[in-house]
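Data block below; observations after.
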Amino acid sequence: MLEPGILSNFILILTGFAAAFMAALWLSLIFWTYRDIRQRTRDPLVHILATLVAAVLFLPGVLVYLILRPTYTLEEEYQRSLEEEALLQTLEDVLQCPGCGRKVAADWLVCPSCYTRLRKRCHQCGRLMELAWNICPYCGTAVPGARRENITLDEALQSSLAGNEAPTIEPSS
């Protein structure tokens, strides 16, 4: 048989643990609410109000906060806006003719509407190149007549004489 003193001490200890647990739960929910609302908005007034709702109303306050809080975090909103921007960019990347503004395909040499030249073919490999390119990015061949940077006089003479098959000029001694 249990003595009343032991039973009352046991109930007192159990009540103390329950009160400590409830206090820890209350503080942790307040802290969680504050951290969560900071990830969802930058407005300091909303930070204070959400934390006060959780502090004053305890479990019903956290339930109210969960219902009213913003759906997405700031990071998720940022990622979503980046995805939307990327989608809009791909829609805007439709190739247009610089002459008439009509839609053109990536492999067209000439606009069929206004006859504007869109691309040129490489003389070596035959692949399409942009008009402004001076060298083929596929085979590395320079476009005939294009200006080359950082070449020596010998290289310039060799490239100009290579087409004429003229004899090389020897320096006189």
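The values are calculated or read from the model by the stated rules, or taken from the named source; none is laboratory data. Note that the coordinates shown come from a computational prediction; the quantities given were computed from them, not determined experimentally. No Cβ is skipped: glycine too gets one built from the backbone with ideal geometry, and neighbour counts run over all protein chains shown.
Only one of the numbered conditions (1) at pLDDT below 95; (2) farther than 30 Å from Lys120 by Cα is violated by Ile48, and that is (1). Of the candidates Leu74, Leu29, the single residue that is over 28 Å from the mean Cα position of the chain (by Cα), over 30 Å from Glu130 (Cα atoms) and either among the aliphatic types (A, V, I, L, M) or at pLDDT 95 or above (or both) is Leu29.
Does Pro70 meet the test of being assigned by TED's automatic domain parsing to the domain that holds Arg127, surrounded by 11 or more Cβ atoms within 10 Å (Cβ to Cβ) and part of a loop (DSSP other than H, G, I, E, B)? Here the answer is no, as Pro70 does not meet what is asked. For region 73-86, a residue qualifies if it is surrounded by fewer than 12 Cβ atoms within 10 Å (Cβ to Cβ) and in contact with a helix residue (DSSP H, G or I) (Cβ under 9 Å, 6 or more places away or on another chain), and exactly one does: Glu75.
A quick yes/no check of all residues on (1) modelled with pLDDT under 85; (2) assigned by TED's automatic domain parsing to the domain that holds Gln39; (3) in a loop (DSSP other than H, G, I, E, B):
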{"residue": "Glu83", "(1), (2), (3)": "no, no, no"}
{"residue": "Ile151", "(1), (2), (3)": "yes, no, yes"}
{"residue": "Ser159", "(1), (2), (3)": "yes, no, no"}
{"residue": "Ser172", "(1), (2), (3)": "yes, no, yes"}
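Applying the criterion of being polar (S, T, N, Q) and touching a residue at least 12 places away in the same chain (Cβ under 8 Å) to the residues of region 61-116, the residue that is nearest to Ile48 (Cα to Cα) is Thr73. Kindly evaluate Lys103 against the criterion of being over 32 Å from the mean Cα position of the chain (by Cα) and assigned by TED's automatic domain parsing to the domain that holds Trp133. Answer is no for this residue.
Can you tell me how many residues in region 87-124 are of a type outside the set (D, E, K, R), surrounded by 10 or more Cβ atoms within 10 Å (Cβ to Cβ) and not in a loop (DSSP other than H, G, I, E, B)?
Residues in region 87-124 being of a type outside the set (D, E, K, R), surrounded by 10 or more Cβ atoms within 10 Å (Cβ to Cβ) and not in a loop (DSSP other than H, G, I, E, B): 4 in total.
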